[in-house]
1. Given the options 88, 106, name the one that is farther than 14 Å from residue 223 by Cβ and either buried (at least 24 other Cβ atoms within 10 Å of the Cβ) or at pLDDT 95 or above (or both).
2. Cβ-Cβ below 6 Å, separation at least six or inter-chain, first residue in region 206-234 and closer than 18 Å to residue 195 by Cα, second part of a loop (DSSP other than H, G, I, E, B): which pairs?
3. Among the helices (runs of 4 or more DSSP H) confined wholly to region 137-252, which include 3 or more residues that are under 22 Å from the mean Cα position of the chain (by Cα)?
4. For residue 68, which of the numbered conditions (1) modelled with pLDDT of 95 or more; (2) in contact with a strand residue (DSSP E or B) (Cβ under 9 Å, 6 or more places away or on another chain) fails to hold?
5. Looking at (1) touching a strand residue (DSSP E or B) at 6+ places or on another chain (Cβ under 8 Å); (2) without any contact (Cβ under 8 Å) to a residue 60 or more places away in the chain, which is the only condition residue 132 fails?
């Protein structure tokens, strides 16, 4: 049967058009969009959610957006009470590095306290909801003491150590006055590092910050009055501000980091392990050690 040249030509055009569309659609997925290719400006969104216990995933996302020329600005969406000191500091440093090439706006959700506030301070501007819980400029370290419990159940401990202070914070005994002084000096040093960041990034005198930096929290509206945030608004307001700071006038798309493509079985296993891990961190490990963390 003879092929009709017009129909055959249309088929070829449709085929290559479909291939081209799928290519652009895949590019859109790689940018974290749920829809296909767009010619609008793109604003990257990096989310800091829950207790901050590790920084790698977030810092990698920040680095990727920093290297992507199609991203004109980044919104750092924070809904966190803080967490580990080092992890929060690493995210803060990654945002500072990102600001060398992109404008960054922090958007505070329900809570952005302690380490969450530290991270937000790295952005060019901070936007909070009037009811956001923020502040908690402080450092904290917890130790459990099981000595009396062990006595009741008849358990004794023996410790062999190479230095006098090797077992500071041991749950098997009460700390000595000298050990408490050493731990307090450590907490004070970490606390002062936090205060230094607030003073530097928010351009507020140290004397003023010291009046506020006693662990108390503030609403977003009060935080604006105190100079801890710049504007009141939601995620949309933060995105519009980011676009404006980047010198853009037109519409934009919000894009998120790409999600890993895994099998259904791997997804179920990973979700279960992640849920158990996060629960254990929230109930135990994440609330021990030295933290920029607001307890609520």
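1. Going through 88, 106 in turn, the sole match is 88.
2. Sorted first by the residue in region 206-234, then by its partner, the pairs are 213/137; 215/136; 215/138; 217/136; 223/229; 227/204.
3. Fully inside region 137-252 and qualifying: 177-202, 220-226, 235-245.
4. Among (1) modelled with pLDDT of 95 or more; (2) in contact with a strand residue (DSSP E or B) (Cβ under 9 Å, 6 or more places away or on another chain), residue 68 violates only (1).
5. Evaluating residue 132 over (1) touching a strand residue (DSSP E or B) at 6+ places or on another chain (Cβ under 8 Å); (2) without any contact (Cβ under 8 Å) to a residue 60 or more places away in the chain leaves (2) as the failure.
The values are calculated or read from the model by the stated rules, or taken from the named source; none is laboratory data. Values in this document were obtained by computation on a predicted structure and should not be read as measured data. Cβ: placed from backbone, ideal geometry, glycine included. Neighbour counts: every protein chain shown.
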